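Here is the structure we will look at, set down as C-alpha cells.
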Amino acid sequence: MTVTYEEALQKYEPVFGLETHVELGTTTKMFCGCPTTFGAEPNSHVCPVCLGLPGSLPVTNRVAIEYTIKIGLALNCSIASWCRFARKNYFYPDMPKNFQISQYDEPLCVDGYLDVLVGGRTVRVGIERVHLEEDTGKSLHVGGATGRIQGADYSLVDYNRAGIPLVEIVTRPVPGTGFLAPEVARAYVTELRDLLRSLGVSDVRMEEGSLRADVNTSLSPRGSDVLGTRTETKNVNSLRSVERAVRSEVSRQAEVLDSGGRVIQETRHFHEESGVTTSGRSKEEAQDYRYFPEPDLVPVAPPRDWVDSIAASLPELPSARRARLMSAWSLSELEFEALRNAGALDAVEATVAVGASPADARKWWLGELARRANDMGIEVSALPITPADVARISELVAAGSLNDRLARQVIEGVLDEEGTPDEVVAARGLAVVSDDSALLSAIDEAIAANPDVVARIRDGKVQAAGVLVGAVMKATRGQADAARVRDLIVGRLS
Ligand SMILES: [Zn+2]
C-alpha cells in the first residue's frame, strides 16, 4: 500500500456497515426435519426437501422464527406482525434448489440498534433489518494449490449445511467514527457475538462458520456527506480480521481515489495471511435475483402475545450486564473494556461470586493468569484453574499466609495440575513464615551483617531498612511477610 491508513484518514471519512450471518442452533433445519449437527459425514443430513427434489414441500421451523424474534427484540427492532418468505433466484452448485428461500422486502425484524463501547465511548450502530433464510451447502475444490475453484481437478459438494436456518443482521451505514472505524467494526461484531451467545440462539463460532461477517466499506471526502461507492469484503472469519479488513479497504480505496480512479462496487475477498483484499465479482443488484414471494410457504404472522412472552423471557443482555458490573465493581468504561477484551469477564464474575473482592479477581485474571494464558497460546478461560482456586489464593494472600510472589508459585502449581491451592501450598512448603521468633533470628543476622545500614537507620534514614528487609526475605527464601519484617526491624532498632 502506498497510501497508509493515517494518510487516508486526513482526506477521507470512512463509512462501514456489516452484514452478519448467524447459523441458528436449532436441532433441525429451517424447512425440514434433518439434523443440524456440525461435522457429520458429508451428505448424511439430507432429505428430499433440503435437496430440492421435485414435489417436496418445505415447512417453517417454529423455533427458528422464535430465535429470530429473540434476536430482533434484543437488537431493539420492531417485529413484523405479518411477513413472507421470498425466493432469491440464482444458480450455484452448493444450492440444490437453484433458489434460496430468504426474505426480501418483508423482513421479520426492522429498525433497531446496538450500542457498542470503544475507547471509553459509546457508538450506536443502527440495525436496518434482521431476516431469516436458509444456508447453502459447501463446495470442496480438490486438486488445486489454493483450495479455490481455479486450478482444481474436480469439486465435491456437501449438502449437510443446506437448509440450516441462517439469520442475516444488516446494519445501517455507520459514519462519523473517523480513525476508530476499524475498531468500532470489530467491537460491533464482538458485542453482537456476545449478545447472540447470551440469547442461546447460536454457538457463534467464527472459526466453524456459524458466525460470518461481510464488511462494507466506503470513503467520503472529508467535509462531504455524500456516501462513496462501497465494496463488500467476504471471508472475514475472525474478529481481528473484521478490523484488518476495514483498515485495508480504507487504504486501498484512498489510493484508487487519489490516483483519479473510481472505486468499483464489487465483492472482495479478505486474505488472512496478507491482510489485504482482492477483487471478487461485481456486485449483483436486487433485480438480478428476481425475488418473488415463496408460493410453497404460508406467511409468518407471529401473534402479539407470543412476541410479548418472548420479550419477557429474554435473559440479561451484555449491555445490561456491563452497566451492572461497572457499577458493582466501580469500573470505568476503559477498565471494563480491558476485562472484556482479555476474555476474562466470566472468570472474574465467577471468582467474585465465590468470595474474592472484584479488585483481587481482576488483578489475578488480568495479570498473572492473562500472562500465562498468553504464554500457553490459549484463552484465559481455558486455563486449568477454577474461579474457586483463584478466590482461595486471594483469600490466602489477604490473610497474610501468602505474599504475591508465593501466590504466583501456587498458581504455577495449580496450572501444572499439582492439586488445589491448599495442596500446592502444603506440597511445595509455600506458606509465609509468620513465626516471629524464626523471623527475628534472621533479622538479627541481617543487623549483624550490615552495621553501616543500621547506623543510617539510627540516624533517621528509615528507608534504608529496605536493605535489611531484602536480606531477611532472601534468608527466608521469600516466604516472609515483608511488611511484618519491616515492623520487626524498626522495633528492634528503636
Ligand atoms: Zn432435509
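The values are calculated or read from the model by the stated rules, or taken from the named source; none is laboratory data. Remember, predicted model here, so these are calculated numbers, not experimental data. No Cβ is skipped: glycine too gets one built from the backbone with ideal geometry, and neighbour counts run over all protein chains shown. Calculation scope for accessible area: heavy atoms of the full protein, side chains included, ligands and nucleic acids excluded. Shrake-Rupley method; radii C 1.70, N 1.55, O 1.52, S 1.80 Å.
Taking segment 23-55 as the region of interest, how many residues are more than 8 Å from the ligand (Cβ to nearest atom) and part of a loop (DSSP other than H, G, I, E, B)?
18
Looking at residue 427 and the list (1) free of Cβ contacts under 8 Å to residues at least 60 places away in the same chain; (2) outside any helix (DSSP H, G or I); (3) within 44 Å of the chain's Cα centre (by Cα), which single condition is not satisfied?
(2)
Failed condition for residue 214, given (1) open to solvent by less than 10 Å² (accessible area, probe 1.4 Å); (2) in contact with an Asp or Glu (Cβ under 7 Å, 6 or more places away or on another chain), with all others met?
(1)
How about segment 56-82: which of its residues are small (Gly, Ala, Ser) and assigned to a loop (DSSP other than H, G, I, E, B)?
Those that are small (Gly, Ala, Ser) and assigned to a loop (DSSP other than H, G, I, E, B): 56, 80, 81.
Output the number of residues of segment 284-326 satisfying the condition of being modelled with pLDDT of 95 or more, of a type in the set (Ser, Thr, Tyr) and part of a helix (DSSP H, G or I).
Within segment 284-326, residues that are modelled with pLDDT of 95 or more, of a type in the set (Ser, Thr, Tyr) and part of a helix (DSSP H, G or I) number 1.
Among all residue pairs at least 6 apart or on different chains, which show Cβ distances below 9 Å where the first residue, located in segment 21-45, is within 18 Å of residue 60 (Cα to Cα) and free of Cβ contacts under 8 Å to residues at least 40 places away in the same chain and the second is charged (D, E, K, R) and within 11 Å of the ligand (Cβ to nearest atom)?
Sorted first by the residue in segment 21-45, then by its partner, the pairs are 35/29.
Could you run through segment 346-392 and say how many residues are within 19 Å of residue 240 (Cα to Cα) and either touching a helix residue (DSSP H, G or I) at 6+ places or on another chain (Cβ under 6 Å) or of a type in the set (S, T, N, Q) (or both)?
5
For segment 83-95, which residues satisfy the criterion of being modelled with pLDDT of 95 or more, part of a loop (DSSP other than H, G, I, E, B) and more than 32 Å from the chain's Cα centre (by Cα)?
84 - this is the single residue of segment 83-95 that is modelled with pLDDT of 95 or more, part of a loop (DSSP other than H, G, I, E, B) and more than 32 Å from the chain's Cα centre (by Cα).
Within segment 65-83, can one find any residue that is within 16 Å of the ligand (Cβ to nearest atom), more than 20 Å from residue 156 (Cβ to Cβ), surrounded by 13 or more Cβ atoms within 10 Å (Cβ to Cβ) and hydroxyl-bearing (Ser, Thr, Tyr)?
Within segment 65-83, none of the residues are within 16 Å of the ligand (Cβ to nearest atom), more than 20 Å from residue 156 (Cβ to Cβ), surrounded by 13 or more Cβ atoms within 10 Å (Cβ to Cβ) and hydroxyl-bearing (Ser, Thr, Tyr).
Under 8 Å by Cβ, and 6 or more places apart or on different chains, what pairs join a residue from segment 1-18 that is assigned to a loop (DSSP other than H, G, I, E, B) with one that is acidic (Asp, Glu)?
Sorted first by the residue in segment 1-18, then by its partner, the pairs are 1/255; 2/255; 3/255; 3/258.
Would you check if there is a residue in segment 50-57 being closer than 19 Å to residue 97 by Cα, open to solvent by less than 30 Å² (accessible area, probe 1.4 Å) and at pLDDT 95 or above?
yes
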